[in-house]
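Throughout, read-outs are computed from the coordinates displayed, never taken from laboratory work. Small disclaimer: the values here were computed from a predicted structure and weren't measured. Quick reminder, even Gly has a Cβ in these numbers, built from the backbone with ideal geometry, and neighbours come from all protein chains shown.
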2 protein chains.
Amino acid sequence: MPGVPRLQDIDSPLDLKKVPREKLPGIAGELREMIVRNVARTGGHLASSLGVVELTLAIHYVFDCPADRIVWDVGHQSYAHKILTGRRDAFPTLRTFGGISGFPRIAESPYDAFGTGHSGTSISAALGMAVARDMKGARNRVVAVIGDGSLSSGLSLEGLNQAGHQKRDLVVILNDNEWSISQNVGALSGYLNRIMTGKFYTSFRKRVETLLKSMPHGQFMARIAKKSEELTKGFIVPGLLFEELGFTYIGPIPGHDLETLIGTFQNLANLEGPVLVHVVTSKGKGYAPAEANPEIFHGVGSFDPETGKGVGKAAGPTYTDVFSETMVAIARENPKVVAITAAMCSGTGLTRFREVFPDRFFDVGIAESHAVTFAAGLAREGKVPVVAIYSTFLQRAFDQIIHDVCIQNLHVVFAVDRGGIVGSDGATHQGLFDLSFLRQVPNMSIMAPRDEAELARMLWTAVGSGRPVAVRYPRGAGMGVRVPAGAETVPWGKGELLSDGKDVLLVGIGATVSSCLMAAEGLRKRGVSAAVVDARFVKPLDSELLLPLVRRIGRVITVEENVLAGGFGSAVMELLEESEEHPQQFRRIGIRDRFVEHGTPAELRDVCGISPDHVIGEALRVCAAGKSFLPSILYGIRSRLEKIV
Amino acid sequence: MPGVPRLQDIDSPLDLKKVPREKLPGIAGELREMIVRNVARTGGHLASSLGVVELTLAIHYVFDCPADRIVWDVGHQSYAHKILTGRRDAFPTLRTFGGISGFPRIAESPYDAFGTGHSGTSISAALGMAVARDMKGARNRVVAVIGDGSLSSGLSLEGLNQAGHQKRDLVVILNDNEWSISQNVGALSGYLNRIMTGKFYTSFRKRVETLLKSMPHGQFMARIAKKSEELTKGFIVPGLLFEELGFTYIGPIPGHDLETLIGTFQNLANLEGPVLVHVVTSKGKGYAPAEANPEIFHGVGSFDPETGKGVGKAAGPTYTDVFSETMVAIARENPKVVAITAAMCSGTGLTRFREVFPDRFFDVGIAESHAVTFAAGLAREGKVPVVAIYSTFLQRAFDQIIHDVCIQNLHVVFAVDRGGIVGSDGATHQGLFDLSFLRQVPNMSIMAPRDEAELARMLWTAVGSGRPVAVRYPRGAGMGVRVPAGAETVPWGKGELLSDGKDVLLVGIGATVSSCLMAAEGLRKRGVSAAVVDARFVKPLDSELLLPLVRRIGRVITVEENVLAGGFGSAVMELLEESEEHPQQFRRIGIRDRFVEHGTPAELRDVCGISPDHVIGEALRVCAAGKSFLPSILYGIRSRLEKIV
C-alpha cells in the first residue's frame, strides 16, 4: 500500500493488516468521519458505533476473520466492522430499504458471524460456536464483544456462568462505557465502576473491619489486617468476580488506545480457556455532540453533522410523548402507580416521570424478565406498576407475563411501545408478534389506540382496570389530534363504529384504523360503502358491536400490523366461530408468515400488503365476489334459516 | 401447650412459636413422616421438601407470617410450609383435583405470599414486595428462599443484580443442596462448592502467583505476597462475589441444625440492606431412599414408603422413553447431532444419551434462554442441536426462538416434552401455549405425534429437515405401539387420513388424534360417519389433504390440547380463510381462555371439555345443525358457484 493508507483502500481485514500500526489512527479518523456523515443522513446508532472504532480496528488487525468469529452483542455498534469488511461502498444504504442492515446479518456477509439485535446473546452464541469448533477440531478463535449494559442481562449471565464452567477457549471483550441505552444500573455496573475507579476494595474492606472489630481482640486484629491489606493491595487483581466465575480477567484497558488494544489482543494467543478483556471506551467518542449527550445519540434520526441538531421536521407529538405526559398526570392522581422500564427510560418517554417521581421510577437495566416479575411483586402488594417495554423486547418476558402476572391475575399494566412495524431497525426490532403472544394468555386484556388521544384514554382505563392489561401503540408521530387533559377512559371491552356502510365491514385495530378510514374514503369514490370499526380491544373483543355488523354486512376484512398467525384477525375469526356466525366473505390483512426487514414504515407496509391501497383492493375483491348473483341472497336465507332451525 | 408438642396441635406459625426450641426436632420428624407418607400416595416433589424441613421450621419460628412475606422459589419445596400454615388436614389432598396445590398459591392461603412453579422468580418478586413495603412505610420483612440451581437462572441473576443495587432490606436464603433438578452445572455452582469446601482461594491464588512471577522481581514479590496472603487468609470472608454484588453474605451455615438456623435468622434483625444467607442442606434428608437418589426422588409418582419403590403399574414406555432411545439411535447415525437440556436431563430422557455421548451432551442448568441461543451458535457452525425442554419452560426462550433461531433460519430441533395437560403439577406446568407461541414465528415448523412410533419418525424427520422445527409430545405413557427400529421419517408437511367418513371431519393433532378415533367409533355406533385426520404438522398444514376433505364433508371439528387462542384449530381456520373455503360447520375443541389447575389428566380433560365424549357431543351437534333441510344443499350450491363466478 503505497503512500498514506486510506480507508478507501481497505476492502477487507487483509487490507487493514497491511496498514502500519502507527497509521491506524488515521483510519480511525476516517471511519468516524464516514460514520457521522452517513448516520446524519440515514439515522442509526451513532454513539455506540463511534465508541468502538479503535476496538474494531484492533480486532480486525489481530484476529483473522471470517475464520475467527466475532459476535457483536446487540450489533448496533457494528458500523466500523461493516465498513472494514467489504461494505464501505454499501454503507450509505445503511438501514434503508434493500440496503445493508444496521445490525450484523449472517445473510449479508461472511464476516457477520452471528446475527444480533437484542441484547445479551453474544456469550451464549459464541460459546455454542466454540463448542462446535472444538468438536470439529478446528482452531479458529471465537470472540464476543459485549457492552456493560448487555452484560447484566439474564441471558448474558447465564452464558457467562456456562462459559466459565465449560472452559472452552473463548474471548469475551467487555466494552465498558458505563451506559447501556440509558445510564447503567444494577450492582454489576457498580462493581465495574469500582474496578475502574480503583475503589474495588472499599466496600469489602469496610465490611472486614466491622467484622473484626466485633470479634474478641478485634482492635488488634483490625490493625494487623490493615497492615496485611496494604501489603496485598497491589497484588489483588480486579475482576475477581469474573475470575471466580471461571474467566481469566484482563483489564481494565483503555479502549481508544490502539497500541494497548492490539498488544493485549495479540497476547491472548498465549492464554487458554475463557478470557474476559475489560475495555473502557467512551460512547460517542470523537464526535462532540454525541460525547456530550450519548443517550440522545444512542439511536438517532437524521441530523446536521455540524451541529448535531435533528433536521427531521417536527411531526407533532409522538405516541411516546403522549405516554410520557399521561403517565405523569396519572401518577399525580393515583399514588399507587409506579413506572418500570428496562433500559428504555428515554426511549419509552419515562424521563419526565423519573424527574417528577424519582422514588416511583425503576429502571432495572436490560432485564425484561426481571422487570415483569418485579412488577408482579409490586402489584401483589397493592402498587399499580406500569411496565414500559418495546414490543420486541417484551418477547423476553413472555413466561413472566404468563407465570407471574396472569396466572396470579395481578394488576400489571404493560405499555407496549413500538408495536407494529418500526422501520429501519429491521427484522430483529419489528413489533409484530405481540398481539398473538399476549392474546393467548388467559386473564390478559389488550387495547390498541387508533390515535394519541385514545392512547391517553386507554392508559387511564388500564390503570383503573384492576387486572393484567396491555396497551400496544406504534413508534413515531401520532395523528395530530387533541389529547384530553383530564382522566378520560374508554368503556371496557367496547369498540367503536366510526363510520357505517353496507357493502363491506373494515375492522381495524390501533394504527390500522386510520388505514381503514382512508380505504373507506377510497372505496366511497369507487361506489363501495364501507363500514369502519375501531375494535379498540383485541381482548376482550366487542362481540355486541361486531356480531350484528357482521350479520348485517356479511363481508368482513380485518386489518392489523401484526403477524396473521394467531393475531387480531384470527381473534375475530375465533369470535365468529364461537358465535356460529358465518359471514359470506371474511378476509384478514396483516403480516403473512415472514420476517420484515428494514426500510421506511411506508415501504414496508407496501411490501407486506397492509397499506390502505391493499385494503381497498381486498375490499373490492370481496365485494365483487359478494355480488355474484346467488351467494349473497343464499347467505341471507341460510343465515336466517340457521337461526330458526 | 401442655405435654410433648405435636404437629397435630400446630394450626399456624403462632402455635409453632409456642413450642420450646429443644422440642422442634420432634416436630421436624413428624413433618418428614407426614410428607413421606402422603407423597408416597399422591406423588410429588419429595426430595426438595424433605431437604428444607428444618429451614421451614426455623423460618416460621423467627419470622411473623403472613405479615412477613416468604417467597418460595419454584415452590416445590413448600410442603412443610403448607402443613405448618393451616393446611395440615388438607395435606392429603395435595396435587389432587380440587385439593391443595403442590406449589404456593396466593388464592390458597394468606401465608403463600407469591405463587411460584418456575425457577428463579423469587428474588425479583421479593424485591418488588420490598419496594412496595418501603413505599408504604411498612416494616415487614421479605424473604426469598431459593435453591442453588435456581440461583443461576438468568431471571435470578437479574434480580440479584437489581437487589444489590436497590439496597432494600431483603433476605435471600440460598438453599444450597448442590442440585437443581439434575446435578448442578455452571461456574456459579462451582463457586458455591469452593466456598463450602474451603477451596475458595485456590484458583485465585494460583493466578496471582503466575502473574507475579511474570513481573520484574517477581520471585521476590511472590514471596511477599505469600506472606501477606497467609496473614489475610483468615479475614477474607467467602461470598465475596455476593458482597461485590451489594449483598451482605452470611454462611455457609448447616441447614439441618435448628439452633444455628434460628440464631442466624434472629440476628438478621440487626442487619440492613440485602442479605444473602447461605444455608447448606441435603436433598431428601431423613428418608434413606431419597437421600440415596435425590434425582429420582425430585418428582415422583406414588411409591411404597417402606422401600421407596414405585407402585404405579408399568404402563409401557413413555414418550420420553422413546425420545431417549431414538436420540441415541439418531446420534449414532448422524455425528453432527448434539443434545442440550436445561436441568432436565433425566426428565427429558437424555440420561442415556449423556452416557453414550458425553461429549455431545450439554446440560446448561436452569437457563432455557441460554440453552436456545447456545444451540443457535452450534447450529450456525454446522451442528444439529436437539434442545429438549418441557413445553412450559420453553416459554422462557420465546425471544431466543424468534431472534436467534428463526430470524437466522438455523437448524435447531426443539423436543418439546410435556406438551398439553400434564396433570398434578397444575397451572404453572401445563404445556398449553406452545402450539400458539411457536406457530406464529416465521420459519418455524411444528410436528406433534399421535403415538410413540410417530414420535420416533418425527425426530428423524426433524433432524434431517435443515430448518427450525419443533416436535411436541405429551407427558406419560405412549399408546403401546411398536416403535420402528430404523430411520423412518414422515413425509414433510403431510397429514394422514386415518379413517374416512362422510358426515363430519375430525382433525386431531398429537395426543388428541386418539380422542378423535375414539369419538369416531362412538359416533359410528350412533349412525354418524366421521372421518379422522391426523394433521401431524401444525405448521406447515397439509392443505392438499385438508381442503378437499373440508369441501367434501362440509362439517369440521378440530381437537387440540392447547389454548384455543391462536392454536391449532385457528391455524386450520386461517388456512380455510386463505383458501376461501367456507365449510358449513366449523368448530374448534381445545382449552378455552383459562388456566388449568391440578388433577389427573383425565379429570382435567373432562373439566376442559376436550375428552372423546366432548368430541362426540360436538360432532352430533354440528351434524344435527347440518341436517336442517336447506343449508347443506345451499352450501354445496354456493360453494360450487363461488368456484365458478
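Taking 1 over the mean of 1/r across every pair of different Cα atoms in region A:307-421, what Kirkwood radius in Å do you get?
14.6 Å
Applying 1/(1 + (r/R0)^6) with R0 = 25 Å to the Cβ-Cβ distance of residue A:93 and residue A:4, what FRET efficiency is obtained, to the nearest 0.05?
E(calc), rounded to 0.05, equals 0.35.
Name the longest site-free stretch of chain A, where the excluded sites are trypsin sites (Lys or Arg not before Pro) in a DSSP loop with no more than 15 other beta-carbon atoms within 10 Å.
The reported range is A:314-481.
Just to confirm the numbers: residue A:263, label point 7 angstrom along the Cα-Cβ line, distances to the other copies in nm, shortest first?
In nanometres, ordered from closest: 5.4.
Which shape class applies to region B:1-139: rounded if a/c is under 1.5, otherwise prolate when a/b exceeds b/c and oblate if not, where a ≥ b ≥ c are the square roots of the Cα gyration tensor eigenvalues?
Oblate shape, in that a/c is at least 1.5 and b/c is the bigger or equal ratio.
Once amide H atoms are placed 1.01 Å from N in the peptide plane, what residues at a sequence separation of 5 or more from residue A:586, or on another chain, have their amide H within under 5 Å of its amide H?
A:556
Check residue B:248: other-chain or 5+ apart residues with amide H under 5 Å from its amide H, H built from backbone geometry?
Residues meeting the criterion, in which the H sits 1.01 Å from N, are B:275, B:276.
With all distinct Cα pairs included, what does the Kirkwood hydrodynamic radius of region B:423-513 come out to in Å, to one decimal, could you say?
Hydrodynamic radius (Kirkwood, Cα pairs) of region B:423-513 is 14.8 Å.
Using the C-alpha gyration tensor of the protein assembly as shown, what are the square roots of 5 times its eigenvalues, in whole angstrom, with the largest one first?
Those come to 49, 40, 30 Å.
Around residue B:389, with a cut-off of 15 angstrom between Cβ atoms, what is the net charge of the other residues, counting Lys and Arg +1 and Asp and Glu -1?
That sum, taken over residues with Cβ under 15 Å, equals -4.
Between residue B:514 and residue A:14, what is the label-point separation in nm under the 7 Å Cα-to-beta-carbon projection?
Between residue A:14 and residue B:514, the label points sit 6.1 nm apart.
Anything over 25 Å Cα to Cα? Flag those among A:17/A:285; A:539/B:136; A:283/B:167; B:17/B:136, in the order listed.
With Cα atoms farther than 25 Å apart: A:539/B:136; A:283/B:167; B:17/B:136.
What area, in nm² and to one decimal, does the C-alpha convex hull of region A:337-382 cast on average over all directions?
Orientation-averaged projected area of the Cα hull: 3.0 nm².
Sort B:496, A:577 so the one with the fewest other Cβ atoms within 10 Å of its own Cβ comes first.
By the 10 Å Cβ count, ascending: B:496, A:577.
Which value, to two decimals, describes the C-alpha radius of gyration of region B:378-423 once divided by 2.2 N^0.38 Å?
Rg over 2.2 N^0.38 Å, computed on Cα atoms: 1.23.
Based on Cβ point charges of +1 for Lys and Arg and -1 for Asp and Glu, what charge dipole magnitude is obtained for the protein assembly as shown about its Cα centre, in debye rounded to the nearest 20?
Dipole about the Cα centre, nearest 20: 160 debye.
For chain A, find the longest principal axis of its Cα atoms and tell me its angle to the long axis of helix A:53-62, 0 to 90°, nearest 10.
The answer is roughly 70 degrees.
What translational D, rounded to a whole number of µm²/s, comes out for region B:14-87 from Stokes-Einstein when the hydrodynamic radius is the Kirkwood one over Cα pairs, at 4 °C and 1.567 mPa s?
Using the Kirkwood radius from Cα pairs, D works out to 103 µm²/s.
So the label point sits 7 Å from Cα along the Cα-to-Cβ vector; using that for residue B:479, what distances do you get to the other copies, in nanometres, sorted shortest first?
Copy-to-copy label distances at residue B:479, shortest first: 5.2 nm.
In degrees between 0 and 90, to the nearest 10, how far off the longest principal axis of chain A does helix A:319-333 point, with axes built from Cα atoms?
For helix A:319-333, the angle is close to 90 degrees.
Under the rule of at least 5 residues apart or a separate chain, name every residue whose amide H is placed under 5 Å from the amide H of residue A:560.
Correct list: A:589, A:590.
Cα convex hull of region A:417-575: how many Å³ per residue?
120 Å³
Run through the DSSP bridge list for the protein assembly as shown and note the antiparallel percent, rounded to the nearest 5.
The antiparallel fraction comes to roughly 15 percent.
Could you tell me what a quarter of the Cα convex hull surface of region A:76-166 works out to, in nm² with one decimal place?
6.6 nm²
Return the calculated 222 nm mean residue ellipticity for chain A, to the nearest 500 deg cm²/dmol, obtained by summing -39500 (n - 2.57) across DSSP H runs with n ≥ 4 and dividing by the residue count.
-12000 deg cm²/dmol
When the dipole is taken about the Cα centre of chain A, and only Lys, Arg (+1) and Asp, Glu (-1) are charged at their Cβ, what size is it in debye, to the nearest 20?
340 debye
Roughly how many nanometres apart are two label points built 7 Å out from the Cα toward the Cβ at residue A:22 and residue A:136?
4.0 nm
Going 7 Å from Cα along the Cα-Cβ axis for the label, what nanometre distances separate residue A:301 from the same residue across the other copies?
Nearest first, the other copies' label points are 6.3 nm away.
Can you tell me how chain B classifies by the Cα gyration tensor, rounded, prolate or oblate, using a/c under 1.5 as the rounded cut?
Because a/c hits 1.5 or more and a/b exceeds b/c, chain B counts as prolate.
Taking θ as phi - 60°, what are the ³J(HN,Hα) couplings along region B:396-412 by the Karplus curve (6.51, -1.76, 1.60), each to the nearest whole Hz, with x for Gly and Pro?
My calculation for region B:396-412 gives 5, 10, 4, 5, 5, 5, 5, 7, 9, 9, 7, 4, 8, 6, 8, 7, 10 Hz in order.
I'd like to know which of B:446, B:456, B:474 lies farthest towards the positive end of the charge dipole of region B:425-488, counting +1 on Cβ of Lys and Arg and -1 on Cβ of Asp and Glu.
Checked the options; the winner is B:446.
Each residue of region B:472-477 in turn: what ³J(HN,Hα) in whole Hz from Karplus with 6.51, -1.76, 1.60 and θ = phi - 60°, glycine and Pro shown as x?
10, 9, x, 6, x, 5
Expressed as an acute angle from 0 to 90° and rounded to the nearest 10, what is the orientation of the C-alpha long axis of helix B:258-267 relative to the principal long axis of chain B?
Its long axis makes an angle of about 80 degrees.
Per residue of region A:563-570, in order, report the coupling 6.51 cos²θ - 1.76 cosθ + 1.60 (Karplus, θ = phi - 60°) as ³J(HN,Hα) in whole Hz, putting x for Gly and Pro.
These are the phi-based 3J(HN,Hα) values: 4, 6, 5, x, x, 5, x, 5 Hz.
Averaged over its residues, how many other protein chain Cβ atoms are within 10 Å of peptide A:399-412's Cβ atoms?
That average works out to 6.
Net charge near residue A:124, counting Lys/Arg +1 and Asp/Glu -1 over other residues with Cβ under 14 Å of its Cβ?
Once positives and negatives cancel, what remains is -1.
Around residue A:326, what is the net charge, scoring Lys/Arg as +1 and Asp/Glu as -1 over all other residues with Cβ under 12 Å from its Cβ?
Neighbour charge sum, excluding residue A:326 itself: -3.
Roughly how far apart, in whole Å, are the Cα centres of region B:279-293 and region A:282-324?
59 Å
Tell me the relative contact order for chain A as a rounded percent, counting alpha carbon contacts under 8 Å between residues six or more apart.
Result for chain A is 11 percent.
Once the Cα gyration tensor of region A:505-637 is diagonalised, what are the square roots of 5 times its eigenvalues, in whole Å and ordered largest first, as equivalent ellipsoid semi-axes?
Over the Cα atoms of region A:505-637, the ellipsoid semi-axes are 24, 18, 13 Å.
As I understand it, the dipole of chain B uses +1 on the Cβ of Lys and Arg and -1 on the Cβ of Asp and Glu, about the Cα centre. Which of B:135, B:307, B:385 lies farthest toward its positive end?
B:385
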